[in-house]
Number of protein chains: 2
Amino acid sequence: MTSLSVFRDIPPAQKLEGSLLKIYRHDDYPSKMFLAYKVCMTEQGYPWISLVVRRTRLQISQDPSLNYEYLPRMGMKSFIQAALELLFGKHSQAIAEKRVGGVHTVGDSGAFQLGAQFLRMWRKNLKTVCIVSCQKEQYGLIFQDMGFTVYEYCIWNPKELCSDPTLFFDLMEHIPADSILVIGNIIDCRFTQTQWTNLMSIIKSKHIFPFFDVPCQGLSTGDLEEDTRLLQYFVLLGFEFFCSQSLSKSFGIYDEGVGILVVAALSNQDLLCVLSQLMNNVQALWGNPPATGARIITSILCNPALLVEWKQSIKSVVENVMLIKEKVKEKLRLLGTPGSWNHITEQSGTHGYLGLNYQQVEFLIKKKHIYVPKNSRINFTCINSRNIDYITQSIHEAVVITEG
Amino acid sequence: MTSLSVFRDIPPAQKLEGSLLKIYRHDDYPSKMFLAYKVCMTEQGYPWISLVVRRTRLQISQDPSLNYEYLPRMGMKSFIQAALELLFGKHSQAIAEKRVGGVHTVGDSGAFQLGAQFLRMWRKNLKTVCIVSCQKEQYGLIFQDMGFTVYEYCIWNPKELCSDPTLFFDLMEHIPADSILVIGNIIDCRFTQTQWTNLMSIIKSKHIFPFFDVPCQGLSTGDLEEDTRLLQYFVLLGFEFFCSQSLSKSFGIYDEGVGILVVAALSNQDLLCVLSQLMNNVQALWGNPPATGARIITSILCNPALLVEWKQSIKSVVENVMLIKEKVKEKLRLLGTPGSWNHITEQSGTHGYLGLNYQQVEFLIKKKHIYVPKNSRINFTCINSRNIDYITQSIHEAVVITEG
């Protein structure tokens, strides 16, 4: 056939992310290091998996009574129930009142895709979305592609080296009314009680629609309840919101992409209408969600013994992260690196800001082959006993050289 | 909070499908029967699963070397390669020329969603979609929601009781130029060589973009190659097209929703551009596809012994379907049911038309509690030795009563 190709003028897409990883992969230096993996790493340098997951997977695959029929479009009912109880607490009043519910979603982006489609269709007054800078690439583009105006915000104050409540307040002052506010981990923002009250009243008066992101419950503080306290506060006060609840990271089954779009409504009647509309979108998006990940997670959450074991494994991860951070700080102190490094241990979670400037990050990448994102936000689980000396020594040099 | 609910005026969605199943579930009659399940059923009335799948799943879950890191956005590379070889043949020239490729997708709808998004974005001249009636609900709405005009077509001739090539030609004559043509199973349409040649030339001259649907390779004829001969013909002639290749049904892992959006281009360069654009859509749709289903399927396709076993299990299913159809036909003959029932055995695959009219279907549902879709297209694997007599006797009565 000699006719013109249908695909003749399709340009190659611009790479959205992963460029740092790409440069890292092309680096021939034998001791190169990448400190920005999304997943939690073990001391041995492998992706972490909760051990109870392996056992549960094995058990499930030996169960002759299981059939592998399509899940309902809504997803696995027992999984949704267990996940909601994890998020809101077993004795949540909102669960008892049946005004919170969820749709089983796919991958890390599925819940945002589904929620954004719904809001575009049914809440046309919501035209703008505010999202934390580091999530812009991953989720901001979903909203942008649908015609929302997307603003980035950042609560990390690089001068003060802390998550800064005033930056969040600045945002709330300037955010247009009828905006969607994507709220990720703001646990490190230490709001006063007055600030909280003000925050709630701004959200209410400006008709801000909160869209929470809970990507790895438990891995911030090691305490499952503590990690979602903010969400529970919102539901208690009767706010309506969406929440992308991703469970893969908390169990170490990154490749299953198990999530839920959680809907908090004011009544069961409202909730059922929203869920039924979401079903139409699900039908078009993927049809029926995949089961394995959800089955593993449900088995663990619904079995008291396995649950204890999983909670313990989450706690160990977080304790280990804290230990790594303490060690990094101590080593920098012993090296006499200029500056206070308390901000390292003051941040919760696996990922945190080193608090380096662009020049220092460049030094680490180009001179030391240590790959750190521009904003210096690294995954602390990538640091282990084999590389910690080289990393801290390099940070020290970066700071000393650029200080001069 | 007393402010107005964000969700105050969301209406409940109209149920798109499943209404027959819903009525069936609400029927209290103890011997009710549902003959329209999507999945292949065993003689015992359970969803079929290839036995080699259970063993492979177990083996995978025992593999200590596996980590559960995110799959690349494109999906599992070895899975895509194995699936393409299954579709086009191991020694396909198009594979060797690297002008066919694929993106690992989610669920039954994922590949259509992804492909439709791409076509809407990059091929704005394609404004209409023609799709087989029985797929309208499942995939037609995906296109419709994106603003395409969707036409239904049907190649089943209810008078002649056959898949009718002239109906397909009528469609091709009347289809607007620059249409997307969703091509499902037209294996029962017995085109002559001249008809084929004409068909190809119409597709070419009218710039029709074929979007194949291969939902269950192997389960039409029992022969994997035979089932995709049409596709191979298109690729050999240098057509460009998309194909939704779903693998869940052929392995009996319906709940994993494993699929691929296959892209056939004219050159590797074109292909890479298309795939790179698709990656952006994937990022927004789900991020990274789930792995378990793909891992099971890849393990089977890449292991010669397991492959033989799987092929044999597919063949057994199809032989069993043929046997059921023969028995139904024979029983109707013995009952002296008016009409020829050859059309039952002339259709390939698990699903086929009984060739009943609306009145007869109504009789089966209302009087006999046998749930059959309006168009009388049933899943023959729902018929087994325990229910065949009741079903054939009921069909007999339906035909006799309405003949009168």
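The values are calculated or read from the model by the stated rules, or taken from the named source; none is laboratory data. As the structure is a computational prediction, the values presented were derived from the model and not from experiment. So basically every Cβ, Gly included, is an ideal-geometry build from the backbone, and we count neighbours across all protein chains shown. Just so you know, the surface numbers come from the protein's heavy atoms only, side chains and all, with ligands and any DNA or RNA stripped out. Shrake-Rupley method; radii C 1.70, N 1.55, O 1.52, S 1.80 Å.
Just the number: Rg to Rh for the stretch B:91-184, Cα atoms, Kirkwood Rh, two decimals.
Here the Rg-to-Rh quotient is 1.03.
Let me check I've understood the local charge: for A:Pro338, count other residues with C-beta under 13 angstrom from its C-beta, Lys and Arg +1, Asp and Glu -1. What total comes out?
Residues near A:Pro338 contribute -1 overall.
Identify which of A:Ser348, A:Ser316, A:Ser248 has the largest mean-square fluctuation in a Gaussian network model of chain A, with springs joining Cα atoms closer than 10 Å.
Among A:Ser348, A:Ser316, A:Ser248, the largest GNM mean-square fluctuation belongs to A:Ser316.
Rounded to the nearest 10 Å², what accessible area does A:Glu319 show when all protein chains are kept and the probe is 1.4 Å?
We get 100 Å² for A:Glu319.
With springs only between Cα atoms under 10 Å, which of B:Pro64, B:Pro47, B:Pro338 fluctuates most in a Gaussian network model of chain B?
In this elastic network of chain B, the residue with the biggest mean-square fluctuation among B:Pro64, B:Pro47, B:Pro338 is B:Pro64.
Along Cα→Cβ, 7 Å out, is where each label goes; now give me the distance between the ones at A:Tyr233 and A:Arg386 in nm to one decimal.
Result: 4.2 nm between the two label points.
What nm distances, shortest first, do you get from the label point of A:Lys159 to those in the other copies when the point sits 7 angstrom along Cα to Cβ?
When each copy's label point is compared with this one, the spacings are 8.4 nm.
Under a 5 Å amide H to amide H cut-off, with H placed in plane at 1.01 Å, what residues pair with A:Phe34 once short-range neighbours are removed?
Correct list: A:Tyr371.
For a quick check: with amide H placed at 1.01 Å from N, whose amide H comes under 5 Å from B:Tyr153's, ignoring anything fewer than 5 positions away on the same chain?
Those qualifying (amide H under 5 Å, at least 5 residues apart or on another chain) are B:Ile131, B:Val132, B:Ser133.
Report Rg (one decimal) and Dmax (nearest whole number) for chain B, counting Cα atoms only, units Å.
Cα-based Rg and Dmax for chain B come out at 22.3, 72 Å.
What is the distance, in nm, between label points placed 7 Å from the Cα along the Cα-to-Cβ direction at B:Gln44 and at B:Ser65?
3.5
Would you work out the relative contact order for chain B, in percent, from Cα pairs under 8 angstrom that are 6 or more residues apart?
Normalised by residue count, the contact order of chain B is 24 percent.
Mind putting a number on the dipole of the protein assembly as shown about its Cα centre? Charges go on the C-beta only, +1 for Lys and Arg and -1 for Asp and Glu, and I need it in Debye to the nearest 20.
For this selection, approximately 140 debye.
Nearest 0.05, what FRET efficiency do B:Lys315 and B:Gln269 give at R0 = 35 Å with Cβ-Cβ as r?
Once the sixth-power term is evaluated, E becomes 0.30.
With a 10 Å cut-off between alpha carbons and a GNM built on chain B, which of B:Pro210, B:Pro12, B:Pro72 moves the most?
Comparing B:Pro210, B:Pro12, B:Pro72 in the GNM, the peak value goes to B:Pro12.
Would you be so kind as to identify which of B:Cys273, B:Gln117, B:Ile297 lies farthest towards the positive end of the dipole of the stretch B:53-302, taking Lys and Arg as +1 and Asp and Glu as -1 on Cβ and the Cα centre as origin?
Going by the charge dipole, the pick is B:Cys273.
When only the heavy atoms of the protein chains count and the probe is 1.4 Å, how do A:Ser133, A:Ser92 rank by accessible area, highest first?
Result, largest first: A:Ser133, A:Ser92.
Given charges of +1 on the Cβ of Lys and Arg and -1 on the Cβ of Asp and Glu, with all other atoms neutral, how large is the dipole of the stretch A:75-186 about its Cα centre, in debye to the nearest 20?
Charge dipole of the stretch A:75-186: 560 debye, to the nearest 20.
How large is ³J(HN,Hα) for each residue in the stretch B:222-234, as worked out from phi by the Karplus curve 6.51 cos²θ - 1.76 cosθ + 1.60 (θ = phi - 60°), to whole Hz, x for Gly and Pro?
In residue order, the calculated couplings are x, 10, 4, 6, 4, 5, 10, 4, 4, 4, 5, 5, 4 Hz.
Tell me, in nm to one decimal, what length is gained between B:Cys154 and B:Thr166 on full extension, where the rule is 0.36 nm per residue of separation less the Cα-Cα distance?
Gain on stretching B:Cys154 to B:Thr166: 3.2 nm.
Assuming R0 = 45 Å, what is the FRET efficiency of B:Asn303 and A:Leu335, from their Cβ-Cβ distance, to the nearest 0.05?
So the FRET efficiency works out to roughly 0.25.
Note the angle between two axes, namely the Cα long axis of helix B:358-368 and the longest principal axis of the Cα atoms of chain B, as a number of degrees from 0 to 90, rounded to the nearest 10.
Around 70 degrees separate the two axes.
With θ taken as phi - 60° and the coefficients 6.51, -1.76 and 1.60, list the Karplus ³J(HN,Hα) couplings across the stretch B:182-194 in order, rounded to whole Hz; mark glycine and proline as x.
For the stretch B:182-194, the Karplus curve yields 7, 10, x, 7, 10, 4, 7, 6, 8, 6, 7, 4, 5 Hz.
Taking a point 7 Å out from Cα toward Cβ as the label site, list the nm distances between A:Thr194 and the same residue in every other copy, smallest first.
Taking the point 7 Å beyond Cα along Cα→Cβ, the inter-copy spacings are 9.2 nm.
Where does helix B:51-61 land angle-wise versus the long Cα axis of chain B, in degrees 0 to 90, nearest 10?
Tilt relative to chain B: about 40 degrees.
Mind checking which aspartates and glutamates have their Cα closer than 14 Å to the Cα of A:Lys204? Skip sequence neighbours fewer than 8 apart in that chain.
Leaving aside aspartates and glutamates fewer than 8 places away in the same chain, those within reach of A:Lys204 are A:Glu173, A:Asp178, A:Glu240.
Give the calculated FRET efficiency between B:Ala36 and B:Gln135 to the nearest 0.05, with a Förster radius of 22 Å applied to their Cβ-Cβ distance.
0.95
For chain A, what does -39500 (n - 2.57) per DSSP helix run (n ≥ 4), summed and divided by total residues, give at 222 nm, in deg cm²/dmol to the nearest 500?
-13500 deg cm²/dmol
Using amide H atoms built in the peptide plane, which far-off residues or other-chain residues are under 5 Å from B:Ser163 H to H?
B:Asn157
Where a Cα-Cα gap under 16 Å defines reach, which lysines qualify for B:Lys136, not counting those fewer than 8 residues away within the same chain?
Candidates past the 8-residue exclusion: B:Lys15, B:Lys38, B:Lys374.
Tabulate in residue order the Karplus-calculated ³J(HN,Hα) for the stretch A:99-116, using 6.51 cos²θ - 1.76 cosθ + 1.60 with θ = phi - 60°, rounded to whole Hz; enter x for Gly and Pro.
Couplings: 10, 10, x, x, 10, 5, 10, 10, x, 6, 8, x, 5, 5, 4, 5, x, 5 Hz.
Given the pairs A:Lys90/A:Lys327; B:Lys159/B:Lys367; B:Lys32/B:Lys327; A:Lys127/A:Lys325; A:Lys22/A:Lys249, which span a C-alpha to C-alpha distance of over 30 angstrom in this model?
Listed pairs above 30 Å: A:Lys90/A:Lys327; A:Lys127/A:Lys325.
Among B:Val214, B:Asn185, B:Ile49, pick out the residue whose Cα is farthest towards the positive end of the charge dipole of chain B, where Lys and Arg carry +1 and Asp and Glu carry -1 on C-beta, about the Cα centre.
Farthest along the dipole direction, towards plus: B:Ile49.
Sticking with the crude label model, points 7 Å out along Cα→Cβ, report the distance from A:Asp223 to A:Lys366 in nm, one decimal please.
Those two pseudo-labels are separated by 4.5 nm.
Ignoring any ligand, DNA or RNA, what whole percent of the accessible area of chain B comes from carbon and sulfur when the probe is 1.4 angstrom?
Roughly 54 percent, rounded to a whole number.
Among B:Gly101, B:Thr194, B:Thr166, whose Cα sits farthest toward the positive end of the charge dipole of the stretch B:53-302 (+1 at Cβ of Lys/Arg, -1 at Cβ of Asp/Glu, about the Cα centre)?
B:Gly101
Measuring label to label, 7 Å along Cα→Cβ, what does B:Ser5 give against each other copy in nm, shortest first?
Reported distances to equivalent positions: 5.3 nm.
Expressed as an acute angle from 0 to 90° and rounded to the nearest 10, what is the orientation of the C-alpha long axis of helix A:388-403 relative to the principal long axis of chain A?
70
Return the aspartates and glutamates within reach of A:Lys77: Cα separation strictly under 20 angstrom, same-chain partners fewer than 8 residues apart disregarded; answer none if there are no such residues.
A:Asp63, A:Glu69, A:Glu85, A:Glu97, A:Asp108, A:Glu256, A:Asp270, B:Glu17, B:Asp108, B:Asp255, B:Glu256
State to the nearest 20 debye the size of the charge dipole of the stretch B:53-302 about its Cα centre, where the only charges are +1 on K and R beta carbons and -1 on D and E beta carbons.
520
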